[in-house]
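Taking it in order: structure first as structure tokens, then the write-up.
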Amino acid sequence: MRHVLSALVMNQPGVLAHISGMLASRAFNIDSLAVGETENPEFSRITFVVTGDDRVLDQVRKQLEKIITVVKVLDFSNQEYVERDLMLIKVRAEGQKRSEVRELVEIFRGKIVDVGTGHVMVEISGTEDKIEAFIELMRPFGIIELVRTGRIALLRSPHGVAEAAEEFQPAEVVEASSAGG
């Protein structure tokens with residue numbers, strides 16, 4: 001099963017390496033990964049997509065929550081959420097082909113962000129299905145280059161993961177984990 005996980009983490013060096021290493025050590029392939037600062041610069045949000053069995057993934061989530069720099073981990077899979085992926089794609093577009101590409105870009109609500117003598121660069125965001133459909137339509141034109149951000153997601157709830165951070169005190173977590181062993 002596909003799982004979209006969101007981890008609110010302290011904005012410190014090495015957190016991403018620690019988390020991805022932990023996932024790799026449990027044989028989880030990360031299908032998508034996006035990291036960025038949140039509305040509070042002390043925290044970053046890591047959104048990743050993994051495929052795996054619910055029971056094993058629950059164990060991974062619990063292991064993630066034990067990492068001191070991880071504030072909160074949510075599995076969005078059984079909740080209502082909005083997800084987006086951003087892509088830049090460079091496509092061959094000469095003569096009449098250029099207007100065909102432009103039409104498809106408009107239909108997919110994308111934006112042409114750069115134009116060369118024989119190509120255009122398109123920015124498009126949306127769900128994974130939308131991005132994949134656009135890629136397939138661009139293949140006959142000739143894809144020169146493509147890059148994607150990875151998925152980002154937020155719960156539809158009026159509350160945010162960041163609310164968990166308001167009560168988060170790193171010193172207390174360190175002391176509690178030191179006292180336990």
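Where a number appears in this text, it was derived from the coordinates with a stated rule and is not lab data. Just so we're clear, the structure is a prediction, and the values are computed from it rather than from any experiment. Here Cβ is always computed from backbone atoms with ideal geometry, including for glycine, and neighbour counts include all displayed protein chains.
For the ranges 4-15, 79-90, what's the packing order if you count other beta-carbon atoms within 10 Å of each residue, average per peptide, and put the highest first? Each step should come with its number before you reach the end.
On the way: 4-15: 17.8, 79-90: 15.9.
Per-residue Cβ counts within 10 Å, averaged per peptide and sorted highest first, yield 4-15, 79-90.
Between [x] 64; [y] 33; [z] 51, which entry matches percent of Cα pairs over 23 Å apart as derived from the coordinates of this structure?
[z]
Please find the FRET efficiency linking residue 132 to residue 96, where r is the Cβ-Cβ separation and R0 is fixed at 22 Å, and quote it to the nearest 0.05. All intermediate terms of the calculation are to be shown ahead of the outcome.
Details: r = 26 Å, r/R0 = 1.16.
The computed FRET efficiency comes out at 0.30.
Go through the range 20-28 residue by residue and turn each phi into a ³J(HN,Hα) via Karplus (6.51, -1.76, 1.60, θ = phi - 60°); whole Hz please, and just put x for glycine and proline.
5, x, 5, 5, 4, 5, 9, 6, 9
Counting Lys +1, Arg +1, Asp -1, Glu -1, what net charge surrounds residue 83 among other residues with beta carbon under 15 Å of its beta carbon?
Values: positive: 2, 45, 84, 130, 148, 151, 156; negative: 31, 75, 80, 85, 128, 129, 132.
Around residue 83, the charge tally is 0.
If each residue's Cβ is checked for other Cβ atoms within 10 Å, how do 18, 3 rank with the fewest at the top?
The fewest-first ordering by Cβ neighbours comes to 18, 3.
Hey, can you grab everything whose amide H is under 5 Å from the amide H of residue 144? Only 5+ residues off in sequence or another chain; H modelled, so Pro and N-termini drop out.
90, 91, 92
Calculate the FRET efficiency for residue 63 and residue 106 from the Cβ-Cβ distance with a Förster distance of 45 Å, rounded to the nearest 0.05. Mind dumping the intermediate values first?
Working: r = 46 Å, r/R0 = 1.02.
After rounding, the FRET efficiency stands at 0.50.
For the chain, what does the helix formula give at 222 nm: sum of -39500 (n - 2.57) over DSSP H segments with n ≥ 4, over the residue count, nearest 500 deg cm²/dmol? Show your work: numbers first, answer last.
Working: 6 runs with 61 residues, N = 181.
Here the helix-only value at 222 nm equals -10000 deg cm²/dmol.
Alpha carbon centre of the range 1-26 versus the range 104-140: separation in Å?
30
Could you tell me which of rounded, prolate or oblate describes the range 1-85, using a ≥ b ≥ c as the square roots of the eigenvalues of the alpha-carbon gyration tensor, with rounded for a/c under 1.5 and, failing that, prolate when a/b is larger than b/c and oblate otherwise? Write out the running numbers ahead of the final one.
On the way: a/c = 1.67, a/b = 1.22, b/c = 1.37.
Oblate shape, in that a/c is at least 1.5 and b/c is the bigger or equal ratio.
Could you give me the ³J(HN,Hα) list for the range 41-47, computed from phi with Karplus coefficients 6.51, -1.76, 1.60 and θ = phi - 60°, whole Hz, x at Gly and Pro?
So the Karplus estimates, Gly and Pro as x, are x, 6, 10, 10, 10, 10, 10 Hz.
Cut-off is 10 Å between beta-carbons; in what order do 129, 58 appear when sorted fewest neighbours first?
129, 58
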